[in-house]
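Below is one structure, written out as structure tokens; the observations come after it.
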Amino acid sequence: MTVANIEVSETPLMLYALRRADDALILGHRLSEWCGHAPAMEEDMALANMGLDLLGQARELYTYAAKVEGRGNDEDKFAYLRDVRQYRNLLLVEQPNGDFARTMVRQFFYAAFADLYWRAMMASSDPTFAAIAAKSEKESAYHVRHSSEWVVRLGDGTEESHRRAQTAIDDLWAYTGEMFAVDDGERGLIDAGIAIDPATLKARWLKTVTGIVNEATLALPKSDWMQQGGRVGSHSEHLGHLLSELQSLQRTFPGATW
Amino acid sequence: MATPNVPLWEVFIRSRNGLAHKHVGSLHAADATLALQAARDIYTRRGEGLSIWVVPSNAITASDPSEKGMMFEPAESKIYRHPTFYDVPDEVGHM
Amino acid sequence: MYTQALNSSDGDDRGVEDVARASQFQARIDADERIEPNDWMPAAYRKTLTRQISQHAHSEIVGMLPEGNWITRAPSLRRKAALLAKVQDECGHGLYLYAAAETLGTSREELVDAMLSGKAKYSSIFNYPTLTWADIGTIGWLVDGAAIMNQIPLCRCSYGPYARAMIRVCKEESFHQRQGFEIMVTLCRGTAEQKAMAQNALDRWWWPVLMMFGPPDQVSQHSDTSTKWKIKRFSNDELRQKFIDATVPQAEFLGLTIPDPGMKQNENGNWVHSPIDWDEFKQVLAGNGPCNRDRLAARRKAHEEGAWVREAAAAYAEKRKSRQLAQAAE
């Protein structure tokens, strides 16, 4: 018996939940890769805590996606039995950990968005989303706090940490635009009051990011070219490797329960 | 080369409102902000706290255990500070 | 996680110290009083505890690696969350223990450097590889099971900070063993391939786990002082026996065979194991286990690659301090 990829019926609401679930899983997975290898033991604790928060968000969102879809899929089928082209996460979150500066800048860019996003989503007319948002907002707020403190310390620390933090910003900047993009399906959900328009968050996000980056004596790139594609399954090369690791047992022993 | 020392902080946690902060352990952090966050991540993973204090370990002045006699024994003989020292007739009831 | 094998004490050199103070100290121990950081204590007591607590801490930190090896490959999201939380707990336990060790007067940096340089030991068990998912179940079930046997008596250890750290660790660790056993139950109720995976993991881990309790009592040299100081409350063999007796019925429940065909139950109901290969134990402690080099290399890499981050935090703290001073002077 071989395990094919599951089929997914991407209706607008289902896809909306799936995309956010994928963001949380992939970023949580990236953070979990640090476990046992962080620059200080105190930071090992912090990275794992943020990873666990995201993993928890992913599970709730997958479960909701499965419910909306109603085809017998579940959190594990979504996580373990979809190929890279079926994943719908932002390109930002799949970027490799790199050094600690890159991990923290990635975390900061995402959390600064997620915090605003979940806070706004607490007003969603969809009660499940509103409930997930209420929990995720608090978690994201702490992720902003923690990652921004580190961005400031790395930027305004030593020459080496400054250089590393600036490189991370320069390399990751082009992946931030995708957070604010909306397609037709999502537009319908926004009109229905289920989703919020992320474009309305952009000015505040930029204000937070600029404030911290300035405090850190760093600079945002001039370029406004933004990479897109994660939301429709056009990923970077990195995601395939992440998935081959994440899914290895499920793919090696088809149909087994763990 | 020896690893340079990172400052040591003592951590105190209030587990719920109405209780005092209690010493739970220590941690290392470069500054107070990081110390507070580390305390949260290390000592409150299971919802143990509602409030955290972090204090630089070297800011604590401790009594010397070898002076225990001089410091604490004089208080032991002052039994008249305790309510049981005084006789109140049973008929009066609880006082 | 922990190993009794490391509980060896540094003799008793109180001959060179104040005899009266030493006997007062022993009287306090005999009266079941707790010793606290600033109390007078014999140098050998301090040295023994510093070594034991720091080695215990090193074991927690190195112990993150074999299980951490499977976090990114955990086969379901539920298992992934549980494993990440468990390995994170081990880091937390390492930190509680370093904090306790530091109260004896040696800095954590110094203790960690001793581990990274290979001078300080950590539990031999973490020098074995985790080859399959069943190893994660087996570690939780047996390695944590053995650790708990060992750690519960340490909650009553004579040194206050160590005892308090162990109380916290034991409370938190109660989920670790159950987590492992649940994995084993699932595997043993799964496909034939999964069950074989579980049996194979038990076959590989059984003897190294028995070694965690340390050499047999008749050759264990330092136990006397540790017992007298109420650091150690049970002998290696006593704890090993307790562990085996608790584990045999669990293996039976799982339908797994303990890889010791010579093991028999005696008239007291205790399971008597066949001789343990202590040469293997000595080799692993001497650095020749299958993963010793990998484990140390991984810890050194994290430490060295983290240096610039720690330097940045220190530099920033300095800058902030001088800015605050400048501001106050205005």
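The values are calculated or read from the model by the stated rules, or taken from the named source; none is laboratory data. Since the model is a prediction, treat every value here as computed from it, not as a measurement. Quick reminder, even Gly has a Cβ in these numbers, built from the backbone with ideal geometry, and neighbours come from all protein chains shown. With ligands, DNA and RNA removed, areas are computed over all heavy atoms of the protein, side chains included. Shrake-Rupley method; radii C 1.70, N 1.55, O 1.52, S 1.80 Å.
Please determine whether any residue of region C:215-235 is hydrophobic (A, V, I, L, M, F, W, C), open to solvent by 10 Å² or more (accessible area, probe 1.4 Å) and within 30 Å of A:T252 (Cα to Cα). So far as region C:215-235 goes, no, none of its residues is hydrophobic (A, V, I, L, M, F, W, C), open to solvent by 10 Å² or more (accessible area, probe 1.4 Å) and within 30 Å of A:T252 (Cα to Cα). In the condition set (1) among the aromatic types (F, W, Y); (2) within 30 Å of A:L52 (Cβ to Cβ); (3) within 14 Å of chain C (Cβ to nearest Cβ), B:W53 is compliant with all but (3). Tell me, which residue of region A:67-102 that is at the interface with chain C (Cβ under 10 Å from one of its Cβ atoms) and within 30 Å of A:R153 (Cβ to Cβ) is most open to solvent (accessible area, probe 1.4 Å)? By that ranking, first place goes to A:D99. For region A:225-233, the condition holds for at least one residue, the condition being that it is open to solvent by 60 Å² or more (accessible area, probe 1.4 Å) and not in a loop (DSSP other than H, G, I, E, B). The residue list C:R310, C:R300, C:R295 contains one member that is open to solvent by 40 Å² or more (accessible area, probe 1.4 Å), within 14 Å of another protein chain (Cβ to nearest Cβ), touching a residue at least 12 places away in the same chain (Cβ under 8 Å) and assigned to a helix (DSSP H, G or I), which is C:R300.
Of everything in region C:313-329 that is of a type outside the set (K, R) and open to solvent by 60 Å² or more (accessible area, probe 1.4 Å), the residue that is modelled with the lowest pLDDT is C:A329.
May I ask you to verify whether B:I60 is surrounded by fewer than 16 Cβ atoms within 10 Å (Cβ to Cβ) and more than 10 Å from chain C (Cβ to nearest Cβ)? Here the answer is yes, as B:I60 does meet what is asked. Restricting attention to region A:17-42, the residues that are within 8 Å of chain C (Cβ to nearest Cβ), assigned to a helix (DSSP H, G or I) and open to solvent by less than 10 Å² (accessible area, probe 1.4 Å) total 3. With respect to the conditions (1) in contact with a Lys or Arg (Cβ under 8 Å, 6 or more places away or on another chain); (2) assigned to a helix (DSSP H, G or I), A:W258 lacks only one, and its number is (2). Write out, first by first residue and then by second, each pair whose Cβ atoms fall under 9 Å of each other, whose residues are 6+ apart or on separate chains, and whose first residue, in region C:98-111, is closer than 13 Å to C:P161 by Cβ and more than 9 Å from chain B (Cβ to nearest Cβ) while the second is hydroxyl-bearing (S, T, Y) and not in a helix (DSSP H, G or I). Between residues of region C:98-111 that are closer than 13 Å to C:P161 by Cβ and more than 9 Å from chain B (Cβ to nearest Cβ) and residues that are hydroxyl-bearing (S, T, Y) and not in a helix (DSSP H, G or I), the close pairs are C:L104/C:Y159. Evaluating C:A27 against the criteria (1) modelled with pLDDT of 95 or more; (2) in contact with a His (Cβ under 8 Å, 6 or more places away or on another chain) leaves one unmet condition, (2).
So, in region B:8-24, of the ones that are in a strand (DSSP E or B) and open to solvent by less than 40 Å² (accessible area, probe 1.4 Å), which residue ends up farthest from C:A317 (Cα to Cα)?
Within region B:8-24, the subset in a strand (DSSP E or B) is B:8-14, B:22-24.
Those still in the list that are open to solvent by less than 40 Å² (accessible area, probe 1.4 Å) too: B:9-11, B:13.
Numbers: B:W9: 14, B:E10: 18, B:V11: 19, B:I13: 24 Å.
So, considering only residues that are in a strand (DSSP E or B) and open to solvent by less than 40 Å² (accessible area, probe 1.4 Å), the one farthest from C:A317 (Cα to Cα) is B:I13.
Report, ordered by the first and then the second residue, all pairs with beta carbons closer than 6 Å, sequence separation of six or more or different chains, a first member in region A:201-225 that is under 16 Å from A:A168 (Cα atoms), and a second member that is open to solvent by 50 Å² or more (accessible area, probe 1.4 Å). Listed by first residue and then by second, the contacts come to A:P221/A:D170.
For region C:66-86, the set of residues classified as in contact (Cβ under 8 Å) with a residue 12 or more places away in the chain, within 7 Å of another protein chain (Cβ to nearest Cβ), buried (at least 23 other Cβ atoms within 10 Å of the Cβ) and not aliphatic (A, V, I, L, M) consists of C:G68, C:P75, C:R79, listed by residue number.
When the residues of region B:25-48 are narrowed to those that are within 10 Å of B:V11 (Cα to Cα) and open to solvent by 30 Å² or more (accessible area, probe 1.4 Å), which ends up farthest from the other protein chains (Cβ to nearest Cβ)? Among those residues, the one meeting the criterion is B:L36.
Among the residues of region C:25-48, those that are surrounded by 15 or more Cβ atoms within 10 Å (Cβ to Cβ), part of a helix (DSSP H, G or I) and either over 25 Å from the mean Cα position of the chain (by Cα) or basic (K, R) (or both) comprise C:F25, C:Q26, C:R28, C:R46, C:K47. Taking every residue in region C:164-184 that is free of Cβ contacts under 8 Å to residues at least 24 places away in the same chain and pairing it with any residue that is buried (at least 19 other Cβ atoms within 10 Å of the Cβ), at least 6 positions away or on another chain, the pairs with Cβ-Cβ distances below 6 Å are C:M166/C:Q151; C:M166/C:L154; C:C170/C:Q151.
So which of C:E193, C:E267, C:E252 is within 14 Å of another protein chain (Cβ to nearest Cβ) and farther than 25 Å from C:N288 by Cβ? Spell out how you get there, then give the answer.
On the way: C:E267 fails: within 14 Å of another protein chain (Cβ to nearest Cβ); C:E252 fails: within 14 Å of another protein chain (Cβ to nearest Cβ).
Just a single option satisfies the conditions, and that option is C:E193.
C:E172 fails exactly one of the following numbered conditions: (1) more than 14 Å from every other protein chain (Cβ to nearest Cβ); (2) modelled with pLDDT under 95; (3) surrounded by fewer than 21 Cβ atoms within 10 Å (Cβ to Cβ); (4) within 15 Å of the chain's Cα centre (by Cα). What is the number of that condition? Of the numbered conditions (1) more than 14 Å from every other protein chain (Cβ to nearest Cβ); (2) modelled with pLDDT under 95; (3) surrounded by fewer than 21 Cβ atoms within 10 Å (Cβ to Cβ); (4) within 15 Å of the chain's Cα centre (by Cα), the odd one out for C:E172 is (1). Checked across region C:91-114, the condition of being within 14 Å of the chain's Cα centre (by Cα) and farther than 27 Å from B:P7 by Cβ holds for no residue.
Residues considered: C:I183, C:I139, C:I152. Of these, the only one that is within 25 Å of C:P249 (Cβ to Cβ) and either within 11 Å of another protein chain (Cβ to nearest Cβ) or of a type in the set (S, T, Y) (or both) is C:I183. Examine region A:79-90 for a residue that is assigned to a helix (DSSP H, G or I) and under 21 Å from C:E67 (Cβ atoms), and state whether such a residue exists. Yes, that holds for at least one residue.
For A:Y64, the conditions (1) of a type outside the set (A, V, I, L, M); (2) surrounded by 21 or more Cβ atoms within 10 Å (Cβ to Cβ); (3) in contact (Cβ under 8 Å) with a residue 24 or more places away in the chain; (4) within 12 Å of chain C (Cβ to nearest Cβ) all hold with the exception of (4).
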